[in-house]
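Student: Starting off with a structure, shown below.
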Amino acid sequence: MIIDVLLGDEDEPQRYELRRNGNAFHVQAGADDDEVLIDWRRPEPGIYSLIVDRSSYEVFIEENEDHLTVHLLNRTFRVRAADARRRRAGLNAEAVDGAARIVAPIPGRVTRILKEEGSAVEPGDGVIVVEAMKMENELRAPRAGTVVSVVVAEGDGVEGGALLATIE
């Protein structure tokens, strides 16, 4: 998977290639850069234990409406990341004609529907859980509103970028 990452107020994203290997990711910033192996565990929501090139780190991540706040080694980073394939396809959780679309970040299987049609949601509320590569991804509402459609059911297989729900 290729991910574009913006740190702080940067205008140009840095592109990273990620390949999953169990609980680890092989990460490469550019074709000429060395690959880095990052092994990770999530002991609690928002807390990650990382091993990067034999060094151990504890990372705290806060999810915000349009970015992540990452706390690492007495430093704080504002991070925005997007799957480059989704960016190219124009798929995101932004408002489209007044509606916010919840889309599958990568191919997977819907394991839980957390909000049914007609449910009120606040920013950050979980809407749907998709399992991909043995990892559950809770997809959250990008803004307040009402869930007007859920177009999948628990157990459905979905492609990356597939529309799952709409919030107005």
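The values are calculated or read from the model by the stated rules, or taken from the named source; none is laboratory data. None of the values given here were measured: they were computed from a predicted structure. Positions of Cβ are backbone-derived with ideal geometry, glycine not excepted, and every protein chain shown enters the neighbour counts.
Student: Only residues in segment 10-25 that are in the same structural domain as Tyr48 (by TED's automatic domain parsing) and among the acidic types (Asp, Glu) count as the first member; pair them with residues that are part of a strand (DSSP E or B) and modelled with pLDDT under 80, Cβ under 7 angstrom, at least 6 apart or cross-chain, and list the lot.
Tutor: Glu17/Ile2
Student: Would you check if Asp66 is at pLDDT below 85 and part of a loop (DSSP other than H, G, I, E, B)? Explain how you work it out, then say what you get.
Tutor: On the way: at pLDDT below 85: yes; part of a loop (DSSP other than H, G, I, E, B): yes.
It is true that Asp66 is at pLDDT below 85 and part of a loop (DSSP other than H, G, I, E, B).
Student: With respect to the numbered conditions (1) free of Cβ contacts under 8 Å to residues at least 24 places away in the same chain; (2) not in a loop (DSSP other than H, G, I, E, B), which one is the sole condition not fulfilled by Val5?
Tutor: Single failed check for Val5: (1).
Student: Within segment 90-104, identify whether any single residue is of a type in the set (Lys, Arg), at pLDDT 85 or above and surrounded by 14 or more Cβ atoms within 10 Å (Cβ to Cβ), and answer yes or no.
Tutor: Of segment 90-104, the ones of a type in the set (Lys, Arg) are 101.
Filter once more, so that each one left must be at pLDDT 85 or above: 101.
Narrowing further to those that are surrounded by 14 or more Cβ atoms within 10 Å (Cβ to Cβ): 101.
Yes, segment 90-104 contains a residue that is of a type in the set (Lys, Arg), at pLDDT 85 or above and surrounded by 14 or more Cβ atoms within 10 Å (Cβ to Cβ).
Student: Tell me yes or no: at least one residue of segment 19-26 is out of contact with any helix residue (DSSP H, G or I) (no Cβ under 6 Å at 6 or more places or on another chain) and either of a type in the set (Ser, Thr, Tyr) or over 20 Å from Ile106 (Cβ atoms) (or both). Let's see the steps before the verdict.
Tutor: If we filter segment 19-26 for residues that are out of contact with any helix residue (DSSP H, G or I) (no Cβ under 6 Å at 6 or more places or on another chain), which is where we start, we get 19-26.
Those still in the list that are either of a type in the set (Ser, Thr, Tyr) or over 20 Å from Ile106 (Cβ atoms) (or both) too: none.
No, segment 19-26 contains no residue that is out of contact with any helix residue (DSSP H, G or I) (no Cβ under 6 Å at 6 or more places or on another chain) and either of a type in the set (Ser, Thr, Tyr) or over 20 Å from Ile106 (Cβ atoms) (or both).
Student: With the structure loaded, tell me whether Gly145 is farther than 27 Å from Arg19 by Cα, at pLDDT below 85 and more than 16 Å from the chain's Cα centre (by Cα) or whether it fails that test.
Tutor: Working: farther than 27 Å from Arg19 by Cα: yes; at pLDDT below 85: no; more than 16 Å from the chain's Cα centre (by Cα): yes.
It is false that Gly145 is farther than 27 Å from Arg19 by Cα, at pLDDT below 85 and more than 16 Å from the chain's Cα centre (by Cα).
Student: Got a number for residues in segment 31-64 being farther than 15 Å from Arg20 by Cα, surrounded by 11 or more Cβ atoms within 10 Å (Cβ to Cβ) and not basic (Lys, Arg)? Give the steps one after another, and end with the answer.
Tutor: Looking only at segment 31-64, we keep the residues that are farther than 15 Å from Arg20 by Cα, and these are 31-34, 42-49, 53-64.
Still in the running and surrounded by 11 or more Cβ atoms within 10 Å (Cβ to Cβ): 33, 42, 46-49, 57-64.
Still in the list and also not basic (Lys, Arg): 33, 46-49, 57-64.
Residues that pass the stated criteria total 13.
Student: Inspect all residues belonging to segment 115-125 and state whether any of them is modelled with pLDDT of 90 or more and under 17 Å from the mean Cα position of the chain (by Cα). Steps first, please.
Tutor: Of segment 115-125, the ones modelled with pLDDT of 90 or more are 115-122, 125.
Then drop every residue that is not under 17 Å from the mean Cα position of the chain (by Cα), which leaves 125.
Yes, segment 115-125 has at least one match.
Student: To continue, here is another question. Based on what the data block shows, is Arg78 at pLDDT 90 or above and among the basic types (Lys, Arg)?
Tutor: Details: at pLDDT 90 or above: no; among the basic types (Lys, Arg): yes.
Answer is no for this residue.
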